[in-house]
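For reference, the structure discussed in these notes is given below.
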Amino acid sequence: MDLKLETRDENGRTIVKVGGEIDVYTAPKLREQLVELVGAGKYHLIVDMEDVDFLDSTGLGVLVGGLKRVRAHDGSLRLVCTQERILKIFRITGLTKVFPISDSVEQAVTAVD
Amino acid sequence: MDAQSSAVGTVAKTESATAVLLRFTPQPEHVRTARLVAVAHARRVGVEAGLLDEVRLAVGEACSRAVGLHQRHCPGEPVVVVLDAVDESDSASGADRFVVTVADKVSGAVPGPRDGAGAPVADGDAEAATGEPDEEELDDAEMGLAVLTGLVDDLDITSGPDGGSVRMGWPVKDF
């Protein structure tokens, strides 16, 4: 399954909607997208993971890399995720303490980071 | 013995007649195939549905790790995965564990706490000298091991002069 990426701007944030599987094969595409956005001056990102079917450590690494990049510009990276099987991976690795996670895009857009 | 038969031999010693054996070139796109086969076989041998996501993630992590190691150090060598249902308790009532072993051909690749996962410690590795992984790759590898150790209770990561292996097991019901 290929990785699907869509981006849009809303309320001063850039929303990256991700669909499909984020793994060792597809993660570079997400990395490229995040790098491109930061390069274009988009420093407040929301990664919507509600349509993600699978996430592995390579995907986590890409998200951590994205967080480092936006923070270097005093930006933020917030996740949207309610899927237990995806949230479990963040909990195992302790990354729930690193990433702010919202239940919906609407909530993420209005959240204060 | 050629490289491929050697790689298979590393993990085939304990394999039973019901085992499924995968051997693939170290390409990231093949990791998904390995995940799909692992889940299909786990389901077939009776691993309960609630554990299948764990099997999928763990096999993916172990294969991603092996692919990364091979790409850096021995890109011509295949990654070998053996999926098997075994009777670990010797109860004679049939298989009670679904065991997956992912074997690599990189010696000394079990990392220390901040060594960088998958960084071989063997001396004289010419490829290691020219193909050092970058910081993000090391972070990924460490994260992969963190996921594996946090996810799988029955986990054994070993390394020897002929390569390493990640062995994972899950209970089987109604085999």
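Kindly provide the set of residues from segment A:5-40 that are open to solvent by 20 Å² or more (accessible area, probe 1.4 Å), within 14 Å of chain B (Cβ to nearest Cβ) and closer than 15 Å to A:LEU67 by Cβ, ordered by number. Scanning segment A:5-40 gives A:ARG31, A:VAL35.
For B:ARG167, the test of being at pLDDT 90 or above and charged (D, E, K, R) is passed. Evaluation of B:VAL39 against the conditions (1) open to solvent by 70 Å² or more (accessible area, probe 1.4 Å); (2) among the β-branched types (Val, Ile, Thr); (3) at pLDDT 95 or above shows that the sole unmet condition is (1). Of the residues making up segment A:53-69, not a single one is free of Cβ contacts under 8 Å to residues at least 40 places away in the same chain and over 24 Å from B:SER64 (Cβ atoms). Would you say A:VAL64 is buried (at least 18 other Cβ atoms within 10 Å of the Cβ), modelled with pLDDT of 95 or more, more than 25 Å from B:LEU52 (Cβ to Cβ) and within 11 Å of chain B (Cβ to nearest Cβ)? The answer is yes for A:VAL64.
Scanning segment B:22-37 for residues that are of a type outside the set (Val, Ile, Thr) and more than 18 Å from A:SER57 (Cα to Cα) yields a total of 3. Filtering segment B:75-84 to residues that are under 16 Å from the mean Cα position of the chain (by Cα) and more than 20 Å from A:THR58 (Cβ to Cβ) leaves B:GLU77, B:PRO78, B:VAL80, B:VAL82, B:LEU83, B:ASP84. Going residue by residue through segment B:65-74, is there one that turns out to be buried (at least 18 other Cβ atoms within 10 Å of the Cβ), among the basic types (Lys, Arg) and within 12 Å of another protein chain (Cβ to nearest Cβ)? Yes, because at least one residue in segment B:65-74 is buried (at least 18 other Cβ atoms within 10 Å of the Cβ), among the basic types (Lys, Arg) and within 12 Å of another protein chain (Cβ to nearest Cβ). Taken together, A:GLY20, A:GLY12, A:GLY41 contain a single residue that is of a type outside the set (Phe, Trp, Tyr) and either closer than 27 Å to B:ALA49 by Cα or within 13 Å of the chain's Cα centre (by Cα) (or both), which is A:GLY20. Does B:VAL106 satisfy the criteria of being touching a His at 6+ places or on another chain (Cβ under 6 Å), more than 14 Å from chain A (Cβ to nearest Cβ) and either under 30 Å from A:GLU84 (Cα atoms) or at pLDDT below 95 (or both)? Yes, satisfied.
Tell me yes or no: at least one residue of segment A:81-101 is among the polar types (S, T, N, Q), in contact with a Lys or Arg (Cβ under 9 Å, 6 or more places away or on another chain) and not in a loop (DSSP other than H, G, I, E, B). Looking through segment A:81-101, none of the residues is among the polar types (S, T, N, Q), in contact with a Lys or Arg (Cβ under 9 Å, 6 or more places away or on another chain) and not in a loop (DSSP other than H, G, I, E, B). Starting from residues that are touching a residue at least 12 places away in the same chain (Cβ under 8 Å) and touching a Phe, Trp or Tyr at 6+ places or on another chain (Cβ under 6 Å), keep the ones in segment A:70-100 and report whichever is nearest to A:GLU6 (Cα to Cα). Residue satisfying both the conditions and the ranking: A:LEU79. Against the criterion of being more than 24 Å from B:LEU148 (Cα to Cα) and either open to solvent by 10 Å² or more (accessible area, probe 1.4 Å) or of a type outside the set (Ser, Thr, Tyr) (or both), A:VAL52 does not qualify.
The values are calculated or read from the model by the stated rules, or taken from the named source; none is laboratory data. Every value quoted in this text rests on a predicted model; they were computed, and no experiment measured them. Glycine gets a Cβ as well: all are built from the backbone with ideal geometry, and neighbour counts include every protein chain shown. All accessible areas refer to the heavy atoms of the entire protein, side chains included, with ligands and DNA or RNA removed. Shrake-Rupley method; radii C 1.70, N 1.55, O 1.52, S 1.80 Å.
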